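Some notes on the structure that comes next.
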Amino acid sequence: MVGIAAFGAYIPRLRLQRASIAAAHAWFNPALKGLAKGERSFASWDEDVVTMAVEAARDCLDGRDRAEIASLSLASTTAPFADRQNAGIVKEALNLDDAVSTFDLGGSQRAGVSGLIQAIRAAACGPVLCIASEKRATRPGSEGEMTSGDGAAALLVAPGEGVARHLGDHSVSADFVDHFRGEGEKFDYGWEARWIRDEGYARLVPKAVAGALAKAGLAAGDIDRFILPAPMRGVAEAMAKAAGIRPEAVADGLAATVGETGVAHPLLMLAHALEQAKAGERVLVAGFGSGCDVVIFERTAATAAPRLGVSGWLARRKADANYMKYLVFNGLIDIERGMRAEFDQKQPLTALWRNRKTVLGLVGGRCTKTGTIQFPKTDISVNPNDRSVGTQEDHPLADRLARILTYTADRLTYTLDPPAHYGMVEFEEGGRMNAEFCDVEPEDVEVGRLMRMMFRIKAIDEQRGFRRYFWKAAPAD
Amino acid sequence: MPTGIKDKVAILGMGCAKFGERWDADADSLMVEAYLEALSDAGIETSMIDAAWLSVAFDAINIGPSGIPASMALRLPNVPVTKVENYCASGTEAFRGAVYAVASGAADIALAIGVEKLKDTGYGGLPVRTRGTTFDMIGVVGSAPGNFAQLAGAYRARHNVAPEDLKRAMAHVSVKSHANGAKNPKAHLRKAIDMDTVLNAPMIAEPLGLFDCCGVSDGAACAIVTTPEIARGLGKTDLVTVKALQLATSNGWELQGSGWDGSYFHTTRVAAERAYREAGITDPRNQISLMEVHDCFSVTELVTMEDLHISPEGGAVKDVLDGVFDADGKIPCQIDGGLKCFGHPIGASGLRMIYENYLQILGRAGPRQRVDQPVLGLSHNLGGMPNQNVSAVAIVGLEGA
């Protein structure tokens, strides 16, 4: 027996008002106005697939012992590194043991559900942290820009029933090219929507659903929640109907509040469904792309609350009508950034390796003799009353709350999101550091304000295509 | 307990280039400008210099590595030239090297020269640069105003000061320095300003506005030091001697330990206490005649008044607004305009501060000369940022004072 032991999600705080996108493009394509309802999530300049995956994983693992995790997978088609394992960065940020098996998967929009199916197969060997994350790359003025969103979800798939027991799954693989993105291309190239609906979804989804129902020994009417992300309106409803699933079972696609988060979306919707489902409800999740993957779960009576979950992240939002900011954050416009932005961000990889726990894991030191907590860990203790040498043990700080000690809003230093908020923070149990702040408004920043650390991009080395990650302080919710 | 430096070394001569946007001058020319003034003041020849210290902070974007640039620019007679860098406290560091060389007997006459050519970067403010491999991975690369601005919120929290009261005191600091700078022909900024100009200026780093920030300048300053005996032998009377030279360097307690609240400079307190002890000063507020402090930002000057034990803790706002540090106040601070208006060519600043104290004590400061004869001049030269810094305190005064 395998089930979902815990689930979590992440939705970036920024929510672009679709009306602002449509207004910007109305002169060229007034038809976009038809999609201009609600808002979509978008990652800040310092967020990517890896940082969002870390947040979703932390949301999922809140309060759990991470030592149980045997493997970790990250599904995405927009991961920052083509060759440097993205899941490996997530593993370091979560401060997991080196013995954890990690792997990336991608290549199709259904990779999130494919990863889930693989996790179900592998869970017998130990819990699998199955993450899907996507930072959508869409051409300005495209329909995709209107319908997409950024986000991530994480599921801990483990032996036992968990909160959702696995009932069955089925895959249909077919090289149905509704869209593609060639090597080195920034954006998708897509085919006509009506054809995708009639020949793609309508032929592949019912077949995969029927297969999964058969394996689970269920009838279509047994499904209480039907999850099929599809950016086109009405597709999920039509597919449910074709498969014989009750219309009221069709899950909300979060179109009005998030947008379609690509590979992450089936798992994001699943995490949302698991928050709401009552014990005994059957949840079917489908991932479409180069075929279709379907998995069916049954919600159990067990409780497992993510730290915030989809509903919590939905509430942690900042409405933004600044389409230019969205363009800049996504690298879609080459804005004048000033000479200060020219600073060479070359990362010595040797130093990153030596300091990986400090930098990626935010692991500090705790003196075993005096109990002094400090960041970073050093050979000689910072305690002025006891300069013990070599007495520090690892002391992870990422999940400890901290209070602002000093702060500023800097309009001179270079950042893509001015002003740069930063200052010193002191962890409640001890230890302090100078930290950049993220996801803040000027009124959030005051001495004594409680902050929570988040894994973010520190700087991007555009010359070499590398990015530095580190932890920043965000207002604690 | 070391006996200290008091009265062991005398200043033989000093010089200072015109600070500012010196589009006309390379670092070499700036050094020559300061050096020739000092040489003439000292009444010696280059061949009499036994050793030299060169201070420069941003060598990578101006003179490049080593002591060679000073040796070449000044055509020194193949004497040892040591380049020092200690953030913005580099100037006092060069002075310390030269003074210690004379005190040790290793040199009869030693030279300290500080220079900085900052206006070859193409943009305003200090150049962006690496702070080391580890720092670049886990530190915050803020601007200088951003780093120092953090004093304000922490100070307000500690002393329960309303934002507008602190902002007004900070503005007074800048208005005072502009009034002083207007009287100084070598100053970078020579325009008097009013409170409204400061208070309404564009924000640079909350709560520091444009006029809370010092000028970034090109410049050089220079000191020639020797023993009091040699100075007298060269015909000097009214000697200005070194009373104290102290440096305190952060060891990470502020940044990584616990107890520091971000509202003051731990190192300045340490360096000041040591310096007063070395100089035999027991009541600084009543014994120090005038001060040149590291007013890189208005708020820095304000909290430094307390760290130097001139104002009581929490009392700087009142003292500043009462005019205690104005040119005609009880203890003038930045009577030459300070970093704020004289300018801040990093490697030269510590020496420029001593230059002003030296001129004032000798009554040679021209239109800005303090009327009642200054006896002891304190300079405070700070490098780094509040949570991680080098604080240098130098006290010079009339021999015997």
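The values are calculated or read from the model by the stated rules, or taken from the named source; none is laboratory data. Keep in mind it's a predicted model, so treat the numbers as computed, not measured. Ideal geometry is used to build each Cβ from the backbone, glycine not excepted, and the neighbour counts take in all protein chains shown.
Within region B:123-138, the set of residues being more than 7 Å from every other protein chain (Cβ to nearest Cβ) and touching a residue at least 60 places away in the same chain (Cβ under 8 Å) comprises B:G124, B:L126, B:P127, B:R129.
Identify, please: which residue in region B:157-168 is in a helix (DSSP H, G or I) and either in contact with a strand residue (DSSP E or B) (Cβ under 9 Å, 6 or more places away or on another chain) or without any contact (Cβ under 8 Å) to a residue 24 or more places away in the chain (or both) and is, among those, farthest from the other protein chains (Cβ to nearest Cβ)? Result: B:E164. Please tell me if A:Y414 is within 12 Å of chain B (Cβ to nearest Cβ) and touching a helix residue (DSSP H, G or I) at 6+ places or on another chain (Cβ under 6 Å). Spelling it out, A:Y414 is indeed within 12 Å of chain B (Cβ to nearest Cβ) and touching a helix residue (DSSP H, G or I) at 6+ places or on another chain (Cβ under 6 Å). Sub-7 Å Cβ pairs linking a first residue in region A:333-358 that is without any contact (Cβ under 8 Å) to a residue 60 or more places away in the chain to a second residue that is part of a loop (DSSP other than H, G, I, E, B) and not basic (K, R), at least 6 apart or interchain, are A:M339/B:G122; A:M339/B:Y123; A:T358/A:P376, ordered by first then second residue. Take the conditions within 14 Å of another protein chain (Cβ to nearest Cβ), touching a residue at least 60 places away in the same chain (Cβ under 8 Å) and either surrounded by fewer than 21 Cβ atoms within 10 Å (Cβ to Cβ) or assigned to a loop (DSSP other than H, G, I, E, B) (or both) and apply them to B:S263. Does it pass? Yes.
Exactly one residue among A:D394, A:D417 is modelled with pLDDT of 95 or more, surrounded by fewer than 21 Cβ atoms within 10 Å (Cβ to Cβ) and part of a strand (DSSP E or B), and that residue is A:D394. Kindly indicate whether any position in region B:207-215 is within 12 Å of chain A (Cβ to nearest Cβ) and closer than 30 Å to A:P348 by Cβ. Among the residues of region B:207-215, not one is within 12 Å of chain A (Cβ to nearest Cβ) and closer than 30 Å to A:P348 by Cβ, which makes the answer no.
Restricted to strands (runs of 3 or more DSSP E) entirely inside region A:1-75, those with at least 1 residues that are in contact with a Gly (Cβ under 6 Å, 6 or more places away or on another chain) and either among the basic types (K, R) or at pLDDT below 95 (or both) are A:39-42.
Screening B:A52, B:A60, B:A34, B:A103 for residues that are in contact (Cβ under 8 Å) with a residue 60 or more places away in the chain, of a type in the set (A, V, I, L, M), closer than 20 Å to B:K8 by Cβ and part of a helix (DSSP H, G or I) leaves exactly one candidate, B:A103.
Residues in region A:338-370 that are small (G, A, S) and within 11 Å of chain B (Cβ to nearest Cβ) were compared, and the one that is farthest from A:T415 (Cα to Cα) is A:G365.
Of all residues in region B:77-97, exactly one satisfies the criterion of being surrounded by 23 or more Cβ atoms within 10 Å (Cβ to Cβ) and in a loop (DSSP other than H, G, I, E, B), namely B:A89. For region A:421-452, the tally of residues that are part of a strand (DSSP E or B), more than 7 Å from chain B (Cβ to nearest Cβ) and farther than 21 Å from A:R316 by Cβ stands at 3.
You will find that of B:A149, B:A171, the residue that is at the interface with another protein chain (Cβ under 7 Å from one of its Cβ atoms), buried (at least 22 other Cβ atoms within 10 Å of the Cβ), touching a residue at least 40 places away in the same chain (Cβ under 8 Å) and assigned to a helix (DSSP H, G or I) is B:A149 and no other. Taking region A:84-136 as the range and being within 30 Å of A:A23 (Cα to Cα) and in contact with a Ser or Thr (Cβ under 6 Å, 6 or more places away or on another chain) as the test, the residues that pass are A:S133, A:E134, A:K135, A:R136. Looking only at region A:374-390, decide whether some residue is more than 10 Å from every other protein chain (Cβ to nearest Cβ), in a loop (DSSP other than H, G, I, E, B) and in contact (Cβ under 8 Å) with a residue 40 or more places away in the chain. The answer is no, given that none of the residues of region A:374-390 is more than 10 Å from every other protein chain (Cβ to nearest Cβ), in a loop (DSSP other than H, G, I, E, B) and in contact (Cβ under 8 Å) with a residue 40 or more places away in the chain. For region A:164-182, filtering for residues that are in contact (Cβ under 8 Å) with a residue 24 or more places away in the chain and not in a loop (DSSP other than H, G, I, E, B) leaves 10. Residues of region A:334-373 that are within 29 Å of B:G257 (Cβ to Cβ) and in a loop (DSSP other than H, G, I, E, B): A:Q347, A:P348, A:N355, A:L360, A:G361, A:L362, A:T368, A:K369, A:T370, A:G371, A:T372. Among the residues of region B:266-286, the ones that are aliphatic (A, V, I, L, M) and within 14 Å of chain A (Cβ to nearest Cβ) come to 1 in all. Could you tell me whether A:A264 is without any contact (Cβ under 8 Å) to a residue 60 or more places away in the chain, outside any strand (DSSP E or B) and not aromatic (F, W, Y)? Here the answer is no, as A:A264 does not meet what is asked. Filtered by the rule that a residue be crowded, with 21+ Cβ neighbours inside 10 Å, under 28 Å from A:M433 (Cβ atoms) and touching a Gly at 6+ places or on another chain (Cβ under 9 Å), region B:233-254 gives B:S250, B:E254. Only one entry of A:G423, A:G465 meets the criterion of being at pLDDT 95 or above, buried (at least 22 other Cβ atoms within 10 Å of the Cβ) and out of contact with any Asp or Glu (no Cβ under 6 Å at 6 or more places or on another chain), and that entry is A:G423. Could you tell me whether region B:234-251 includes any residue that is away from chain A (no Cβ under 12 Å), small (G, A, S) and out of contact with any strand residue (DSSP E or B) (no Cβ under 9 Å at 6 or more places or on another chain)? Yes, there is a match, as at least one residue in region B:234-251 is away from chain A (no Cβ under 12 Å), small (G, A, S) and out of contact with any strand residue (DSSP E or B) (no Cβ under 9 Å at 6 or more places or on another chain). Suppose we keep only residues that are part of a strand (DSSP E or B) and at the interface with another protein chain (Cβ under 10 Å from one of its Cβ atoms) within region A:397-411. Which one would you say is surrounded by the fewest Cβ atoms within 10 Å (Cβ to Cβ)? If we take residues in region A:397-411 being part of a strand (DSSP E or B) and at the interface with another protein chain (Cβ under 10 Å from one of its Cβ atoms), then A:A409 is surrounded by the fewest Cβ atoms within 10 Å (Cβ to Cβ).
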